[in-house]
Amino acid sequence: MAWTSYQLSLAVLMVVTGSINTLSTKWADKLESENSVGDVQPFNHPFLQACTMFIGESLCLLVFTISHFAKKRKQSQANELAAVVDNPVCSFNPLIFFPPAMLDMLATSTMYVGLNLTYASSFQMLRGAVIIFTGLLSTAFLGRLLKAREWLGMLTVIMGLSVVGASDFIFGSGSSNNSINSIITGDLLIVMAQIVTASQMVWEEKFVTKHNVPALQAVGWEGIFGFVTLSLLLIPMYFLRVGPPFSSNPRMVLEDALDGFIQMRNNPMIILAMSGTVISIAFFNFAGVSVTKELSATTRMVLDSVRTLVIWSVSLSLQWQQFYWPQIIGFALLVMGMGLYNNIINASICKCRRGSDSEPLLGVNEDQSINEEEGRPSVIH
């Protein structure tokens, strides 16, 4: 079955805004500006950037609220009083999103530190490690029994991650201002952050999904809790001294937000880059949720792989990194592993064997995916 123009628009919106999300953050990292002591330095403020990401997530709650009341008003005009009974706004305590918001805050901040040290393409590829840790934690805490296909998918993802990490180590910093040690440190931080992200997903599945909270509303609440908490944490970070490569601000502290604001004032392009993060996060989450609803969770996963390819291509075209062929192998293994884990490859093979004339792979029904996201309000960025 062919896609409608609306479905195609959602798919394009998800790929474009998802790519802008990572690229705008990396662009801000590479921009230089005069800091608080008059030196021209790159904008290295990952925790301040994480705050802007949470602002983007908070906008999802605004979008949900507007759409909810618009739908409620429309149904009220049609005398469909059932909408009042099914109103999800008052059916749960928003504090249930505080723990996953804290996990999201820790994971995002760690990933942004890693992104500042490594390549944007490696950042996006290495995030595929979340499948491994989600599968293991689901087995340990949710009592889920993984199928052989899922174990094979996780093993394939591990192989892909190993190739990506090894390529960064072998080819070094040929097109980066960071040393080989910094790049490898960044890669390790990104992989470690996926453990926290997987913990967030497992928490949400165990304690949040039973409330049947709309995904946009869940993302919005987590954005609010994350922004408020991280904004408060910027205060002690201003006095916590660390060394390179985790800090390059004049005071050598974990995060100097005041220095960051000064750099933003001295170079408006940094403000533009961070605004791109805020806007793209909001639209990307909206598009992702809509794609899952209109098409399928597997389609969303495939489009996310396309996003990785776009980020890699743009990074190469902007000469943020050099091309090295092992990343092709790593990317292929990652996509294959995610396809096995999410039952995309298996479903496709079964269709070919049956000679089915049904809809193509991107139109796989949601009940064919082992990793459904319709009722799982996981934050995506």
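Key figures
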item	result
Residue match in the range 195-211 (condition: in contact (Cβ under 8 Å) with a residue 24 or more places away in the chain and more than 22 Å from the chain's Cα centre (by Cα))	yes
Out of S33, S76, S67, sole residue that is at pLDDT 90 or above, surrounded by fewer than 24 Cβ atoms within 10 Å (Cβ to Cβ) and among the polar types (S, T, N, Q)	S33
All positions within the range 289-339 that are under 22 Å from A166 (Cα atoms), open to solvent by 50 Å² or more (accessible area, probe 1.4 Å) and of a type in the set (S, T, N, Q)	S313, Q319, Q322
Where a residue in the range 314-329 is at negative phi and its partner, wherever it lies, is surrounded by 15 or more Cβ atoms within 10 Å (Cβ to Cβ) and of a type in the set (D, E, K, R), with Cβ under 8 Å and at least six apart	S315/K26; W320/K26; W320/K30
Residue satisfying condition, being touching a Leu at 6+ places or on another chain (Cβ under 8 Å), of a type outside the set (G, A, S) and surrounded by 15 or more Cβ atoms within 10 Å (Cβ to Cβ), within set M269, M274, M237	M237
Some residue of the range 214-223 being open to solvent by less than 10 Å² (accessible area, probe 1.4 Å), touching a residue at least 60 places away in the same chain (Cβ under 8 Å) and aliphatic (A, V, I, L, M)	yes
Matching residues in the range 225-278 - criterion: being charged (D, E, K, R) and more than 23 Å from the chain's Cα centre (by Cα)	R241, R251, D256, D259, R265
Among the residues listed as P245, P236, the single one being of a type outside the set (V, I, T) and out of contact with any helix residue (DSSP H, G or I) (no Cβ under 8 Å at 6 or more places or on another chain)	P236
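A quick yes/no check of all residues on (1) in contact with a strand residue (DSSP E or B) (Cβ under 7 Å, 6 or more places away or on another chain); (2) modelled with pLDDT of 90 or more; (3) open to solvent by 10 Å² or more (accessible area, probe 1.4 Å):
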site: S121; (1), (2), (3): no, no, no
site: I131; (1), (2), (3): no, no, yes
site: R144; (1), (2), (3): no, no, yes
site: W151; (1), (2), (3): no, yes, yes
site: S162; (1), (2), (3): no, yes, yes
site: A166; (1), (2), (3): no, no, yes
site: G172; (1), (2), (3): no, no, no
site: S176; (1), (2), (3): no, no, yes
site: S179; (1), (2), (3): no, no, yes
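The values are calculated or read from the model by the stated rules, or taken from the named source; none is laboratory data. If you're wondering where the values come from, they're calculated on a predicted model, not measured in any experiment. Please note: Cβ atoms are built from the backbone with ideal geometry, for glycine as well, and neighbour counts cover all protein chains shown. Ligands, DNA and RNA are excluded from the accessible area calculation, which covers all protein heavy atoms including side chains. Shrake-Rupley method; radii C 1.70, N 1.55, O 1.52, S 1.80 Å.
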